[in-house]
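Notes follow once the structure below has been shown.
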Amino acid sequence: MERNLKNVLVISFGFLFLFTAYGGLQSLQSSLNSEEGLGVASLSVLYAALILSSMFLPPILIKKLGCKWTIAISMCCYIAFSLGNFYASWYTLIPTSVILGLGGAPLWSAKCTYLTIAGTSYAEKAGKYAKDTINQYFGVFFLVFQSSGIWGNLISSLIFSQSSTKVESSEEDLACCGAYNCLTDSTNTTESAKPSNSLIYTLLGVYTASGVLAVLLIIIFLDQIKSDQAETEKEKLETPSFWSTFLATFKHLKDKRQCLLIPLTMYSGFEQGFLSGDYTKAYVTCALGIQYIGYVMICFAAVNSLCSLLFGKISQFTGRKLLFALATVTNTACIIALLLWKPHPKQFAVFFVFPALWGLSDAVWQTQTNGLYGILFEKHKEAAFANYRLWESLGFVIAFGYSTKLQVYIKLYILLSVLVLSMVTYGVVEWIEAKSSPGTPTATKNENGGPLTQETYM
C-alpha cells in the first residue's frame, strides 16, 4: 500500500473511533441532559472554547509537536468529555467541555494540515494536480469519518432500546413538536423517556473505550510527517515567536478570500448544530422518543459517508461550483419543508428523509470547503485551517446558544438567511479566482524543472 494512503487511512480510522464516541454523545446531549438546558449549554461552551483554541493553539502545537502528536494529545481531550458525562452536572460537563474545546482546534487543524501535505507530496511524485489528490484524500477521510455517526448512534440506540420506559405521546403533546414547538412543554416527553442510569453508564463505558482505542491507533501506526525539506531547514533556523504564532490566525484575515469564506464556514456550524441539537429534540424525541435518535442519525451519517466519497472523486469532473449548488438547493428545500411539516409517529419514514437529504448537503459542505481551504491557502495551511475551525465553531456556539431561547421556526429562518449569504460571498471568491487564474490550467514546469502540480493563487 502506498505510504501516504496508509497514513490517510490511519487518521481516518482514528477519527472514526474517536467520533463514534463524541458524535453519539453530541446527538444525545439536548435530549439526555435536558435539565435547565445543560446539554446544549455544554455544547455551546465546548465550541466557545474551541474558538479560543483556534486563535493560538493549532500553529503552536503543530510546529512544536508535529501533526502526529498534536492529533494524539488532542484526542485525549475528547476522552475527558466522555468521562464527564458519567455524572452529568454543571460541575462536570462544563469543565470537560472546555477541555474538549481546547483540544478540538489543534486536532482538526493538524488533521487538515497532514492530509494537505500528504496529498501535495503524492501529487508531486505522480505528476498530478495537488488539488485533485487533496480532494480525493479528504473524500476518503470523510467516507470513513462520517461513518462514525453510524456506529456511535447504532450503539446508543441498541443500548437504549433495552429500556423498559416507553412513551406514548398524546395529540396534545405532538402539537408541541416541529417548527412551532412549545419551548417549555416539549421537554416533558424527553424527561419521561430518559433511560436508566445503568444503561447510560454502559453506553459511556463503550464510548470511553472507543476513544482510548483511537489514541492508541494514532500513536502506534501513524507516521510523523514533514513538509518539504526547505521548510524544515527554515524552521530550524527561524523559530517563530509566541506572539507571531498567536496572531497568525488573525493575520490570515488580511486575505480577502478568507473573509469572504467566513459565512460559508459559519454555516457549516449552523447546519450541523441544528440537526444534532434541534431536529433530534423538537422532531425525533418529541414525536418518537429518545431511542429513535440513533437510528435517525445513522441515516444521516450513512448518506453523508457515501456522498463524501462520491463527491471527493467526482469534484475533479464536475467542479466544486456545481456541488455547492446541489447542496444549496437540497438544504433550502429541507428548510422550507421543515417549516411546513407537523411531525407525527404515523409518518415514520419522513423522519429519515430529512437527515438523509441533510447528509447529502453536509457531505458537500465538509469535503468541498475543506478542500477549498487547502487549495486556496496552501502556503498558510495551519493559519487557514485554524480560521476554518474558529468560524465553524462560532456557528456552533450561536446555534447551541440560542437553542433553548428561540422556537424552531425562527432558527430555520436564520439558517436559510445564512445559507443565502454564504452562497453570495462564495460566488465572489470564485469570481476572484477566475479573474486571477483565467483559462484552463495546464501543467507547467516549476523553477526546479519538475511539474507544477497546482494552480498558482494570489
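The values are calculated or read from the model by the stated rules, or taken from the named source; none is laboratory data. Please read these numbers as outputs of a predicted model, since none were measured by experiment. Note: ideal-geometry Cβ built from the backbone for every residue, glycine included; neighbour counts use all protein chains shown. Protein only, heavy atoms only, side chains kept; ligands, DNA and RNA dropped before computing areas. Shrake-Rupley method; radii C 1.70, N 1.55, O 1.52, S 1.80 Å.
The table that follows gives values for the structure above.
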read-out: Selection from the range 44-74 of residues that are free of Cβ contacts under 8 Å to residues at least 40 places away in the same chain and crowded, with 24+ Cβ neighbours inside 10 Å; value: Ser74
read-out: Complete set of residues in the range 306-336 that are open to solvent by less than 60 Å² (accessible area, probe 1.4 Å) and at pLDDT below 85; value: Ser308, Leu309, Phe311, Gly312, Ile314, Ser315, Thr318, Gly319, Arg320
read-out: Subset of the range 91-112 (residues that are in contact with a Cys (Cβ under 7 Å, 6 or more places away or on another chain) and open to solvent by 10 Å² or more (accessible area, probe 1.4 Å)); value: Ile99, Leu102
read-out: Looking only at the range 343-391, and only at residues there that are outside any helix (DSSP H, G or I) and among the aromatic types (Phe, Trp, Tyr), the one that is nearest to the chain's Cα centre (by Cα); value: Phe377
read-out: The one condition in (1) modelled with pLDDT of 90 or more; (2) surrounded by 23 or more Cβ atoms within 10 Å (Cβ to Cβ); (3) out of contact with any Leu (no Cβ under 6 Å at 6 or more places or on another chain) that Leu83 fails to fulfil; value: (2)
read-out: Residue within the range 193-200 that is modelled with pLDDT of 85 or more and of a type outside the set (Ser, Thr, Tyr) present; value: yes
read-out: Options Glu233, Glu271: the member that is of a type outside the set (Phe, Trp, Tyr) and at pLDDT below 75; value: Glu233
